[in-house]
Amino acid sequence: MAAATAVTPFRGTAQFRGMFSEMWAVKATWDPASAAAGAQTTSDTITVPGVALGDMVLGISFDKEVAASPLIRARVTAANTVVLAIISGTGVTADMASGTLKLVIGRPAF
């Protein structure tokens with residue numbers, strides 16, 4: 001499990017012209033598990049206080065490079081919980097070093 005080192009909630013209607021009623025900027029240290037060639041891992045979770053089912057992960061950033069160029073996916077799966085997945089679509093195992101993960105999460109206002 002990754003520990004969020006910084007979670008900043010934003011409230012109001014200024015974000016995306018009122019499309020989101022709340023937003024979270026999340027920064028966490030993440031040491032992702034390896035994803036075998038052509039496989040997916042979904043073992044990592046991040047606790048983000050305040051998020052709920054229906055909230056959207058709008059953006060993902062990770063500061064480490066990897067030769068296999070895997071996809072990183074994140075989604076809110078329960079209250080306060082974001083699950084991370086690594087998908088290695090190539091013939092190479094995706095094995096990334098520990099680094100800084102950043103997420104932007106929004107709660108649709110509609």
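Out of all the residues in segment 76-96, which are in contact (Cβ under 8 Å) with a residue 60 or more places away in the chain, of a type outside the set (D, E) and not in a strand (DSSP E or B)?
The answer is M96, and nothing else.
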Find all pairs meeting these conditions: Cβ atoms under 7 angstrom apart; at least six residues apart or on different chains; first residue within segment 15-39 and more than 18 Å from M56 (Cα to Cα); second residue in a strand (DSSP E or B) and open to solvent by 50 Å² or more (accessible area, probe 1.4 Å).
T29/A3; T29/T5; A33/S43
Leading residue by the ranking (farthest from I105 (Cα to Cα)) among those in segment 1-21 that are part of a loop (DSSP other than H, G, I, E, B) and either at pLDDT below 65 or small (G, A, S) (or both)
M1
Which of the residues spanning segment 32-46 are open to solvent by less than 70 Å² (accessible area, probe 1.4 Å) and either modelled with pLDDT under 80 or part of a strand (DSSP E or B) (or both)?
A33, S34, A35, A36, A37, G38, A39, T41, D44, T45, I46
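Answer with yes or no whether R73 is in contact (Cβ under 8 Å) with a residue 40 or more places away in the chain and either surrounded by 14 or more Cβ atoms within 10 Å (Cβ to Cβ) or under 18 Å from A6 (Cβ atoms) (or both).
no
Out of the residues in segment 88-110 that are β-branched (V, I, T) and under 30 Å from F10 (Cα atoms), state the one that is surrounded by the most Cβ atoms within 10 Å (Cβ to Cβ).
Selected residue: I105.
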For V66, indicate whether it is open to solvent by less than 30 Å² (accessible area, probe 1.4 Å) and at pLDDT below 90.
yes
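The values are calculated or read from the model by the stated rules, or taken from the named source; none is laboratory data. Here the structure is a predicted model, which means the values were calculated and not measured. Cβ coordinates were reconstructed from backbone atoms using ideal geometry, including for glycine residues, and neighbour counts include every protein chain displayed. All accessible areas refer to the heavy atoms of the entire protein, side chains included, with ligands and DNA or RNA removed. Shrake-Rupley method; radii C 1.70, N 1.55, O 1.52, S 1.80 Å.
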